[in-house]
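A.B. asks: Just dropping this structure here.
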Amino acid sequence: MPNTAPLAPGGSPLDHVTASRRTLLRGLGAAALLGSAGVSLAACGDDKPSADPNAPVELSIFWWGGDARAKSTDAALALYTKAHPNVTFKKTWQANAGYYDKLATLTAGGNAPDIFQIDDGALSEYAERHQTLDLSAYKDSKKIDVSKFPPSLVQYGVVDGAFAGVPTGENTPGMIYDETAITALGLAVPTTGMSWEDLITWAEQVTTKSGGKLYGTMDPSADYKALWIWLRQQGKQLYDGKKLGCTADDVAKWFDLWKGARDRKAAPPADIIHTANAGDVTKQLVVTGKAATSFLWANQVTELAKATKNKLGVVAYPGDPSAQWARAAMYLSIYKGTKHADTAADVINFLVNSPDVGKLWGTDRGLSANTDVRAAVVPGLSDANAKASSDFETQLASKFGTAPAVPPKGHVKVRSLLITYAENVQYAKATSAAAADQFVNEANAAIAG
Amino acid sequence: MPPSLAEAVHPAEAPAVTRAPRRRPTTARRGEGLAGYVFLSPWLLGFLGITAIPMLFSLVLSFTDYELLDSWSDVKFVGFANYHKMFTADPHYWHSVGVTVRYALIAVPLKLAAALGVALLLRRDRRGNGTFRSLFYLPSLLGGSVALSLVWLAMFSRDGAFNAFLRLFGIEGKPWANDPDWALATLILLAVWQFGAPMVIFLAGLKQIPNEYYEAASVDGASRWRKFWHITMPMLSPVLFFNLVLEVIHGFQGFTGAFVLSGGTGGPVDSTLMYTLNLYLAGFTDFKMAYASAMAWVFLAVLGVLTAAIFSTGRFWVHYADGEEN
């Protein structure tokens with residue numbers, strides 16, 4: 001045996017080991033007791049609501065985003081701490097993927113952060129289950145001052161009569177196109193107000209002129225924004241309260257419109273569309289060079305521009321632009337179980353109304369919701385793409401239609417169902433009518449249940 | 001009561017204990033047993049707190065209508081409603097069962113065959129075989145990693161490396177990973193490629209077979225095929241059995257590849273909607289945690305039955321060299 005340990009002279013070494021083990025165990029036991037006592041003492045300290053406005057408060061705050069957003073958020077929160085030295089922040093942030101899994105798990109365990117970022121896909125899920133604090137009282141007392149916000153934007157934070165999320169900014173869907181590639185083919189760029197049929201005809205030319213290397217347009221049949229706007233242009237809605245605002249016939253017509261576009265080679269084949277359907281910004285066809293247009297949010301042009309050398313432009317989705325509305329790019333909400341509601345509300349008020357924060361954030365969280373801040377921020381935008389998207393939104397603002405209600409609970413499921421059934425048609429696994437039928441049935445069940 | 005840790009560590013103490021008066025050993029042994037549990041406690045607490053109690057809790061949840069963000073006061077018991085819905089009213093559920101069974105039925109035998117085949121090639125201690133063993137094991141080290149699945153997606157897309165390779169022979173490939181008819185096959189290939197772990201176990205098993213058997217068979221003029229079939233396979237059957245049980249369980253639990261390749265959707269057109277992925281989506285996208293819990297328990301029961309079934313067939317084909325049946 002290679003490892004022959006030397007025996008201690010005069011007596012077995014094992015006795016020694018046993019004795020020291022007992023001592024060790026006693027020590028461990030005592031340490032464990034002390035440790036748990038320490039934990040419970042610390043826990044007690046946190047629970048006490050303090051009447052003293054200068055008592056130290058640590059607020060947890062959670063958002064999704066990239067490095068740039070982390071930096072500007074850190075800076076904004078540091079400004080608040082500077083003005084209120086007793087308030088510090090426990091900051092957590094991560095990429096978009098997996099954000100809602102974590103938020104849901106934290107919330108289910110009663111450990112949700114005091115302040116969290118949320119969007120209209122999830123706001124109703126949380127608000128309808130009473131996980132967000134109703135901020136109406138703060139709104140009425142102007143402790144969260146929204147008097148400089150466009151009223152429709154404020155309304156877009158209300159779920160079942162409760163002010164559930166404070167919009168940080170405004171955005172609207174935008175069709176983003178590759179200006180460099182289109183002008184190289186000698187074609188005119190798309191314009192706001194062109195009809196869906198115009199777009200498809202134009203896209204067919206792009207495909208032909210590029211010799212099939214560049215498809216004219218992304219097929220947005222799996223994009224709920226596009227379906228929603230298309231429905232609004234016909235006087236319908238995606239949602240009517242807690243059910244769909246459209247019939248299977250409407251959806252079948254929508255699927256058929258794009259089946260036609262694919263048949264005419266205006267849009268790419270199913271597998272290329274599929275790579276973009278999941279919504280990942282870096283995989284959008286306008287930057288992967290597969291198609292000349294992509295259907296996204298107008299403010300995403302800044303992010304997209306980082307993934308391509310070509311110059312990008314943004315116009316409204318096809319059809320009558322009055323079908324678009326000022327949508328809250330994202331909200332800040334307060335967890336129902338927070339122990340520092342007043343402080344958290346004050347922090348949100350600061351973040352959405354301070355011109356200094358507005359300058360730090362730019363258009364990263366949408367075009368500032370406070371129109372005074374917006375007016376101060378927009379001229380100072382250095383990024384050409386950010387400027388283009390805010391110019392686009394400002395121009396479109398006069399044409400915006402009334403905002404619909406915040407999408408109901410189940411919206412996230414409806415979005416993924418639309419992708420599944422639109423792809424069924426794209427891959428020719430189902431007819432438009434059959435896929436639309438199944439979509440409408442399952443979507444209604446998802447919203448109702 | 002399990003044997004105390006002290007006994008296992010210090011057999012030298014045992015004789016002293018048996019010679020001592022009768023009253024002492026029981027208290028001493030009790031103390032030692034306690035010490036054993038104390039030493040076990042880091043694992044035991046983790047097992048109870050992170051595995052056992054949440055698992056039992058999920059069994060209770062499966063009979064309720066709990067959704068992830070509901071407050072507990074709204075939760076009602078609904079009996080077997082979740083199970084009933086799963087079996088009778090959820091077409092996606094049965095679709096995911098079909099996808100998973102197809103995946104496991106093809107991936108597990110192919111993976112085991114690849115592992116055994118390569119192990120047979122590498123069993124002799126030739127020069128360089130150590131390197132080859134490491135190289136073949138490498139994919140398993142990366143096993144289940146997200147990065148690997150992303151590489152796979154890039155390789156088997158329309159403009160991927162695999163199609164570029166096919167083009168050398170004038171073959172126009174498909175967008176494999178993004179084609180509903182081929183996406184699952186891409187996943188199966190990913191699973192089979194990671195055959196390193198069972199291969200290493202096969203190698204260890206092959207080393208245990210005494211060379212005398214082969215020598216005796218050679219003297220009797222047995223062909224290589226006969227030697228494989230009549231010496232290698234019976235001698236290796238306990239190892240094969242072990243690998244089979246492990247890989248079947250592993251195969252049914254496939255998640256990462258499907259999750260990454262489909263961007264977390266099970267697409268295109270639900271073609272990679274594996275059981276575990278469907279379960280995850282039910283819990284975290286639809287927030288239907290009670291329903292997801294019910295799915296998890298059915299899954300556990302089916303895997304349990306399947307494993308028991310494999311065990312019960314064991315006595316027909318697994319041979320233990322020490323002559324002890326079962």
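The values are calculated or read from the model by the stated rules, or taken from the named source; none is laboratory data. All figures in this text were calculated on a predicted structure; none of them were measured in a lab. Positions of Cβ are generated from backbone atoms using ideal geometry, with glycine treated the same way; all protein chains shown enter the neighbour counts.
A.B. asks: State whether the residues of region B:263-270 include one that is in contact (Cβ under 8 Å) with a residue 24 or more places away in the chain and either hydrophobic (A, V, I, L, M, F, W, C) or away from chain A (no Cβ under 14 Å) (or both).
C.D. replies: So far as region B:263-270 goes, yes, one or more of its residues are in contact (Cβ under 8 Å) with a residue 24 or more places away in the chain and either hydrophobic (A, V, I, L, M, F, W, C) or away from chain A (no Cβ under 14 Å) (or both).
A.B. asks: Within region B:165-199, track down each residue that is within 11 Å of chain A (Cβ to nearest Cβ) and among the hydrophobic types (A, V, I, L, M, F, W, C).
C.D. replies: Hits for region B:165-199 are B:Trp176, B:Ala177, B:Trp182, B:Ala183.
A.B. asks: Among the helices (runs of 4 or more DSSP H) contained in region B:241-326, which hold 2 or more residues that are of a type in the set (Ser, Thr, Tyr)?
C.D. replies: Counting at least 2 such residues, we get B:275-284, B:289-317.
A.B. asks: Of all the residues that make up region B:194-215, how many are assigned to a helix (DSSP H, G or I) and either touching a Leu at 6+ places or on another chain (Cβ under 9 Å) or at pLDDT below 90 (or both)?
C.D. replies: So the count comes out to 9.
A.B. asks: Further question: Residue by residue through region B:150-161, note down the ones that are outside any loop (DSSP other than H, G, I, E, B) and either within 14 Å of another protein chain (Cβ to nearest Cβ) or under 26 Å from the mean Cα position of the chain (by Cα) (or both). If you could, list the steps in order and put the result at the bottom.
C.D. replies: First, pick out the residues of region B:150-161 that are outside any loop (DSSP other than H, G, I, E, B): B:150-155, B:161.
B:Leu150, B:Val151, B:Trp152, B:Leu153, B:Ala154, B:Met155 - these are the residues of region B:150-161 that are outside any loop (DSSP other than H, G, I, E, B) and either within 14 Å of another protein chain (Cβ to nearest Cβ) or under 26 Å from the mean Cα position of the chain (by Cα) (or both).
A.B. asks: Something else about it: Scan region A:187-211 residue by residue and report those that are surrounded by 16 or more Cβ atoms within 10 Å (Cβ to Cβ) and not in a helix (DSSP H, G or I).
C.D. replies: A:Leu187, A:Pro190, A:Thr192, A:Met194, A:Ser210
A.B. asks: Among the listed residues B:Thr51, B:Thr131, identify the single one that is in a helix (DSSP H, G or I), within 30 Å of B:Ile209 (Cβ to Cβ) and free of Cβ contacts under 8 Å to residues at least 40 places away in the same chain.
C.D. replies: After ruling out the rest, the residue left standing is B:Thr131.
A.B. asks: From (1) part of a helix (DSSP H, G or I); (2) within 13 Å of another protein chain (Cβ to nearest Cβ), pick out the condition that doesn't hold for B:Trp94.
C.D. replies: (2)
A.B. asks: Can you spot a residue in region B:216-239 that is within 24 Å of the chain's Cα centre (by Cα) and either part of a loop (DSSP other than H, G, I, E, B) or of a type in the set (Ser, Thr, Tyr) (or both)? So that I can check it myself, show each step before the final result.
C.D. replies: First, the residues of region B:216-239 that are within 24 Å of the chain's Cα centre (by Cα): B:233-239.
Now restrict to residues that are either part of a loop (DSSP other than H, G, I, E, B) or of a type in the set (Ser, Thr, Tyr) (or both): B:237.
Taking every residue of region B:216-239 in turn, at least one turns out to be within 24 Å of the chain's Cα centre (by Cα) and either part of a loop (DSSP other than H, G, I, E, B) or of a type in the set (Ser, Thr, Tyr) (or both).
A.B. asks: Starting from region A:274-301, keep only residues that are away from chain B (no Cβ under 14 Å), then list their pairs with residues that are of a type in the set (S, T, N, Q) and surrounded by fewer than 24 Cβ atoms within 10 Å (Cβ to Cβ) whose Cβ atoms are within a distance under 8 Å, requiring at least 6 positions of separation or different chains.
C.D. replies: Filtered contacts from region A:274-301: A:Val286/A:Thr308; A:Val287/A:Thr308; A:Trp297/A:Asn171; A:Ala298/A:Asn171; A:Asn299/A:Asn171; A:Val301/A:Asn385.
A.B. asks: Let me ask you something else. For residues that are within 14 Å of another protein chain (Cβ to nearest Cβ) and outside any helix (DSSP H, G or I), tally how many sit in region A:81-106.
C.D. replies: 4
A.B. asks: Could you check, for region A:128-143, whether at least one of its residues is within 30 Å of A:Phe255 (Cβ to Cβ) and crowded, with 22+ Cβ neighbours inside 10 Å?
C.D. replies: no
A.B. asks: Another question, then. Among the residues of region A:109-137 satisfying the criterion of being hydroxyl-bearing (Ser, Thr, Tyr) and assigned to a helix (DSSP H, G or I), which is nearest to the other protein chains (Cβ to nearest Cβ)?
C.D. replies: A:Tyr126
A.B. asks: Identify all residues within region B:251-262 that are within 9 Å of chain A (Cβ to nearest Cβ) and either over 17 Å from B:Leu189 (Cα atoms) or among the hydrophobic types (A, V, I, L, M, F, W, C) (or both); write none if there are none.
C.D. replies: none
A.B. asks: Taking the conditions exactly as written (within 30 Å of A:Gly165 (Cβ to Cβ) and part of a helix (DSSP H, G or I)), does A:Ala443 satisfy them or not?
C.D. replies: So A:Ala443 fits the description; yes.
A.B. asks: Does B:Thr131 satisfy the criteria of being out of contact with any strand residue (DSSP E or B) (no Cβ under 9 Å at 6 or more places or on another chain) and surrounded by 21 or more Cβ atoms within 10 Å (Cβ to Cβ)? Give the steps one after another, and end with the answer.
C.D. replies: Details: out of contact with any strand residue (DSSP E or B) (no Cβ under 9 Å at 6 or more places or on another chain): yes; surrounded by 21 or more Cβ atoms within 10 Å (Cβ to Cβ): no.
When the stated conditions are applied, B:Thr131 does not pass them.
A.B. asks: Considering only region A:101-118, state which residues are touching a residue at least 60 places away in the same chain (Cβ under 8 Å) and surrounded by 17 or more Cβ atoms within 10 Å (Cβ to Cβ).
C.D. replies: Passing the criteria: A:Thr107, A:Ala112, A:Pro113, A:Asp114, A:Ile115, A:Phe116, A:Gln117, A:Ile118.
A.B. asks: Out of A:Ile334, A:Ile348, which single residue is under 17 Å from A:Asp134 (Cβ atoms), crowded, with 24+ Cβ neighbours inside 10 Å, under 21 Å from the mean Cα position of the chain (by Cα) and hydrophobic (A, V, I, L, M, F, W, C)?
C.D. replies: On the way: A:Ile348 fails: crowded, with 24+ Cβ neighbours inside 10 Å.
Criteria check complete, one pass: A:Ile334.
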